[in-house]
Amino acid sequence: MGQRIPLLTAVLTASALAVLPGCGGPSALRGAPAASATGPSRDPGEFSRQVDVGGGRKLWLSCKGSGAPTVVLESGLHDSSDTWNLTETRPPVPKAPAVFPGVAAFARVCTYDRPGTIHYTNPPALTTRSTPRTGTRSLGALEADLDRVLTSAHVPGPYLLVGHSFGGMITRLFAQRHPEKTAGLVFVDAFGTDVEPYFGARWPAYLKLLNNPGTPFDADPAFEKVDVDGAIGAVRAAKPLPDVPMAVLSKTEPFAAPAGSTKDLLAPLERAWPAVQQTLVELGEQTPHLLATGSDHYVQLHDPDLTISAIRLIAGRIRFGH
């Protein structure tokens, strides 16, 4: 089967794709409503609001549903929480629900905006829902923000952490630093620590592309940029992952390539990715490895039902274990 057209016109990023907004996406994106603070709800635990995390900073957090374990959805590099509320499917995959409302049907689920990420309004813009930050951020700082927003909002743990792309690095470090707060992990075509050797001398060029992927926001001081080398080092230096249920979802189609990208960057990325995914599988015992056949990097958009099912599977294993 051929590569499906991505919902978000994409270019390479740290997890291998970053969104290039403003190029005209399909109608599903144009019609997506902007998230806003919710009014009265039948679910008293449902909210979308800014959470004070200290230091004069606020982070936008959305939570919905009930039931343990609490599921936390972590987006990839440059992506706001919007990607968990959008779908771009083709038959036989249903158009709805998206991952966030789909998980809310059986568990408490939360997601949030990291500063400097892309909010998929029309036209797309950097999110203002979370207090802007400038400069290159460390993985430790990103992980600390995740911990702060959950703690400050009194979101009950332990958590089933779901990380897409570079978000998998954030959830992985969180689990290593806070094993008592971690109930399970789902990696959605996640970035890993074993990518560099495949690039050789081209690694610095790849790192530059990750933080400057060609979006209209690249030069904005508030645009999210991360220290990828430092992130890999932080994960390697941290304690081992706790012994919790895990699952890995992986794409089968090539990464969407930006105009003018060179084969010397794309080829090693494609060679590396199967090995990266297998390494994630080997992090835990009896870890299911689910291939999203026909999907590109944004598995949660193209196969939301598969993503929801993987989360439900790990939630069930967590409940059974307790």
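With respect to the conditions (1) of a type in the set (Ser, Thr, Tyr); (2) under 24 Å from GLU88 (Cα atoms); (3) out of contact with any strand residue (DSSP E or B) (no Cβ under 9 Å at 6 or more places or on another chain), TYR298 falls short on a single one, namely (3).
Residues that are at pLDDT 95 or above and within 17 Å of THR151 (Cβ to Cβ): does region 88-105 have at least one? Within region 88-105, none of the residues are at pLDDT 95 or above and within 17 Å of THR151 (Cβ to Cβ).
There is at least one residue in region 258-269 that is touching a strand residue (DSSP E or B) at 6+ places or on another chain (Cβ under 7 Å) and within 30 Å of LYS95 (Cα to Cα). ALA205 meets each of the listed conditions (1) modelled with pLDDT of 95 or more; (2) touching a helix residue (DSSP H, G or I) at 6+ places or on another chain (Cβ under 7 Å); (3) farther than 25 Å from VAL53 by Cα; (4) not in a strand (DSSP E or B) apart from (1). The set of residues in region 288-322 being among the polar types (S, T, N, Q), crowded, with 18+ Cβ neighbours inside 10 Å and not in a helix (DSSP H, G or I) consists of SER295 alone. Answer yes or no as to whether ALA183 is of a type in the set (Gly, Ala, Ser) and in contact (Cβ under 8 Å) with a residue 60 or more places away in the chain. When the stated conditions are applied, ALA183 passes them.
If I filter region 203-221 for residues that are buried (at least 18 other Cβ atoms within 10 Å of the Cβ) and more than 19 Å from ILE118 (Cα to Cα), do I get at least one hit? Yes, region 203-221 has at least one match. Taking every residue in region 311-322 that is within 14 Å of PHE106 (Cα to Cα) and pairing it with any residue that is of a type in the set (Phe, Trp, Tyr) and outside any helix (DSSP H, G or I), at least 6 positions away or on another chain, the pairs with Cβ-Cβ distances below 9 Å are ILE311/PHE106; ARG312/PHE106; ALA315/PHE106.
Just so you know, in region 224-233 the residues that are surrounded by fewer than 21 Cβ atoms within 10 Å (Cβ to Cβ) and out of contact with any strand residue (DSSP E or B) (no Cβ under 8 Å at 6 or more places or on another chain) include one that is nearest to SER138 (Cα to Cα), and it is GLY230.
Conditions tested, residue by residue: (1) buried (at least 20 other Cβ atoms within 10 Å of the Cβ); (2) in a loop (DSSP other than H, G, I, E, B).
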site	(1), (2)
PRO123	no, yes
ARG133	no, yes
ASP147	no, no
GLY157	no, yes
LEU185	yes, no
PHE191	yes, yes
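Examine region 160-167 for a residue that is within 20 Å of LEU280 (Cα to Cα), in a helix (DSSP H, G or I) and not acidic (Asp, Glu), and state whether such a residue exists. Yes, there is a match, as at least one residue in region 160-167 is within 20 Å of LEU280 (Cα to Cα), in a helix (DSSP H, G or I) and not acidic (Asp, Glu). Of the residues GLY157, GLY135, the single one that is touching a Ser or Thr at 6+ places or on another chain (Cβ under 9 Å) and either among the small types (Gly, Ala, Ser) or modelled with pLDDT of 95 or more (or both) is GLY157. Quickly run through region 228-275 and pick out the residues that are of a type in the set (Val, Ile, Thr) and within 23 Å of ARG202 (Cβ to Cβ). If the condition is that a residue be of a type in the set (Val, Ile, Thr) and within 23 Å of ARG202 (Cβ to Cβ), then VAL228, ILE232, VAL235, THR262 are the ones that fit. The one condition from (1) more than 19 Å from LEU185 (Cα to Cα); (2) under 19 Å from the mean Cα position of the chain (by Cα) that ARG271 does not meet is (2). Restricting PRO101, PRO97 to those that are in a helix (DSSP H, G or I) and surrounded by fewer than 24 Cβ atoms within 10 Å (Cβ to Cβ) reduces the list to PRO101. Whether a residue is buried (at least 23 other Cβ atoms within 10 Å of the Cβ), closer than 29 Å to ASP113 by Cβ, in contact with an Asp or Glu (Cβ under 9 Å, 6 or more places away or on another chain) and of a type outside the set (Gly, Ala, Ser) was assessed, and LEU280 does not pass this test. Which of the residues spanning region 218-266 are in contact (Cβ under 8 Å) with a residue 40 or more places away in the chain and hydroxyl-bearing (Ser, Thr, Tyr)? Selection gives SER250, THR252, SER261. What residue, among those in region 251-273 that are at pLDDT 90 or above and of a type outside the set (A, V, I, L, M, F, W, C), is surrounded by the most Cβ atoms within 10 Å (Cβ to Cβ)? Looking at residues that are at pLDDT 90 or above and of a type outside the set (A, V, I, L, M, F, W, C), I get LYS251.
Quick one: is LYS225 farther than 18 Å from GLY163 by Cβ and modelled with pLDDT of 95 or more? Here the answer is yes, as LYS225 does meet what is asked.
The values are calculated or read from the model by the stated rules, or taken from the named source; none is laboratory data. Note that this is a predicted model, so its numbers are computed, not measured. Cβ: placed from backbone, ideal geometry, glycine included. Neighbour counts: every protein chain shown.
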